[in-house]
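Participant: One structure follows; several queries about it will come next.
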Amino acid sequence: MTIRCISSLLMQPLLTWRNPAGNEENWFIQVPQESGTTWLDTRRICLAECALCLVAVTSAVETVAYGIFTLFSLLITPCNPEPFRFFEKLLESSSFTIIWTLADLMFYNPLLVNVFTHESLARFWVGKLFIPAFYREDDRFYVVDWINRVAPNNNLVDNELLVPLLREGRDTQELIDEGAAFLKRCVLQGLDKEEIKSFKECEAATFSFFLSRSVYMYAFGQEKNTEEIPKFFKEDTRSKIQKLRAKEVEPSTIKNLYGLVNSLQEFDKDWKVCCSNDDSTRKQLKALFDELRGVACGELSGLFVTKCFQTACENEGLS
């Protein structure tokens, strides 16, 4: 679930009321998004202009407050990182809402028939047209869930603002299905019932195992020869997997590495043995294993860990 600030939450009912077609879900069945005075309710636009000024001020105040809370939460991050992550998300939301309200105030509210009411959908277009960094993973998750919910089989969309969203949601869903199929084929296959059960629970050690096993498959395992590393991995992860592929590693080391990622019990037991052994072979194996786990940890909070894992769990009847 996306974390949104108060001003972002206020934008949704305000703009839904302001739009002749309401929120985005109604755009699939209402008139296309076209400019023209025949569709404009002048009174609502004027009132929305006043309300947007108030929301802009609110979002600015929130940004200052969340900035202070974020800085203070850094003090307890070594003990508990959750407050920092929470306030950081709120700070991202409020700072974006300043830009969003000002853009609507000056351009979109006076000129367009319908404007986006949800922050993640607005972020999609800002990221697509101007600054890609504004479109976050959380927004990507929202878009795919929203498309699957409101238009699972709808391909007859002629709204110029909805077509790219529909395409984005469908493309992301294909990546999710691809990642879930990979997990079932290469990660869950051969595991016992207890290990498959732990796949859903995903405690820290278990999560590390499944991620490391997945990265191993594309770096050194049966998926190594695939020309393109799939995009359900993060871009940074794909780059690091490519570097692992290019390493010159002894076959015996790869075989030992496979032993560590082949089962949850061996993963939990043998990596500790690797760390405690001082001979050169073990040191080389430990260095490669640590690098593999480091690449795997970089996947946390990404599409692969969240949506692909969730879909694989549902397919295995574990949800």
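Participant: Within region 12-22, how many residues turn out to be in contact with a helix residue (DSSP H, G or I) (Cβ under 6 Å, 6 or more places away or on another chain) and closer than 16 Å to Trp100 by Cα? Steps first, answer last, please.
Facilitator: First, the residues of region 12-22 that are in contact with a helix residue (DSSP H, G or I) (Cβ under 6 Å, 6 or more places away or on another chain): 14, 18, 20-22.
Next, from what is left, pick out any that are closer than 16 Å to Trp100 by Cα: 14, 18.
Final tally of qualifying residues: 2.
Participant: So, one more: Taking region 66-90, which residues are surrounded by fewer than 21 Cβ atoms within 10 Å (Cβ to Cβ) and either in contact (Cβ under 8 Å) with a residue 24 or more places away in the chain or small (Gly, Ala, Ser) (or both)?
Facilitator: Taking region 66-90 first, the residues surrounded by fewer than 21 Cβ atoms within 10 Å (Cβ to Cβ) are 67-86, 88-89.
Selection gives Gly67, Ser73, Phe86, Lys89.
Participant: Yes or no: Phe199 over 15 Å from the mean Cα position of the chain (by Cα), modelled with pLDDT under 75 and buried (at least 18 other Cβ atoms within 10 Å of the Cβ)?
Facilitator: Working: over 15 Å from the mean Cα position of the chain (by Cα): yes; modelled with pLDDT under 75: yes; buried (at least 18 other Cβ atoms within 10 Å of the Cβ): yes.
Considered against the rule, which asks whether it is over 15 Å from the mean Cα position of the chain (by Cα), modelled with pLDDT under 75 and buried (at least 18 other Cβ atoms within 10 Å of the Cβ), Phe199 comes out as yes.
Participant: Further, regarding this structure: If you go through region 63-84 one residue at a time, how many are closer than 23 Å to Val126 by Cα and under 24 Å from the mean Cα position of the chain (by Cα)? Steps first, please.
Facilitator: To start, the set of residues in region 63-84 that are closer than 23 Å to Val126 by Cα comprises 63-64, 66-67.
Now narrow it down to the ones that are under 24 Å from the mean Cα position of the chain (by Cα): 63, 66-67.
Number of matching residues: 3.
Participant: Next question. Please go through region 214-233 and give me each residue that is of a type in the set (D, E, K, R) and at pLDDT 90 or above, ordered by number.
Facilitator: Passing the criteria: only Lys231.
Participant: I'd like to verify a number: residues in region 102-136 that are of a type outside the set (A, V, I, L, M, F, W, C), under 20 Å from Ala48 (Cβ atoms) and touching a residue at least 60 places away in the same chain (Cβ under 8 Å), how many?
Facilitator: Result for region 102-136: 7.
Participant: Being modelled with pLDDT under 85 and loosely packed, with under 14 Cβ neighbours inside 10 Å is the filter here, so list the residues in region 1-30 that pass it.
Facilitator: Passing the criteria: Met1, Ile29.
Participant: Identify the residue in region 79-119 that is assigned to a loop (DSSP other than H, G, I, E, B) and hydrophobic (A, V, I, L, M, F, W, C) and, among all such residues, is nearest to Leu165 (Cα to Cα). Spell out how you get there, then give the answer.
Facilitator: Restricting attention to region 79-119, the residues satisfying the condition of being assigned to a loop (DSSP other than H, G, I, E, B) are 79-81, 112-118.
With hydrophobic (A, V, I, L, M, F, W, C) added as a condition, the list becomes 79, 112-113, 115-116.
Numbers: Cys79: 40, Leu112: 18, Val113: 18, Val115: 14, Phe116: 12 Å.
Among those residues, the one meeting the criterion is Phe116.
Participant: Looking at region 51-69, can you tell me whether even one residue there is at pLDDT below 95 and part of a helix (DSSP H, G or I)?
Facilitator: Checked against the condition, which is being at pLDDT below 95 and part of a helix (DSSP H, G or I), region 51-69 yields no hits at all.
Participant: Related question: Sort out which residues of region 120-161 are in a helix (DSSP H, G or I), at pLDDT below 95, buried (at least 16 other Cβ atoms within 10 Å of the Cβ) and of a type in the set (Lys, Arg), and write them in order of number.
Facilitator: If the condition is that a residue be in a helix (DSSP H, G or I), at pLDDT below 95, buried (at least 16 other Cβ atoms within 10 Å of the Cβ) and of a type in the set (Lys, Arg), then Arg140 is the only one that fits.
The values are calculated or read from the model by the stated rules, or taken from the named source; none is laboratory data. Being a predicted model, the structure only gives us computed values, none of them experimental. Positions of Cβ are generated from backbone atoms using ideal geometry, with glycine treated the same way; all protein chains shown enter the neighbour counts.
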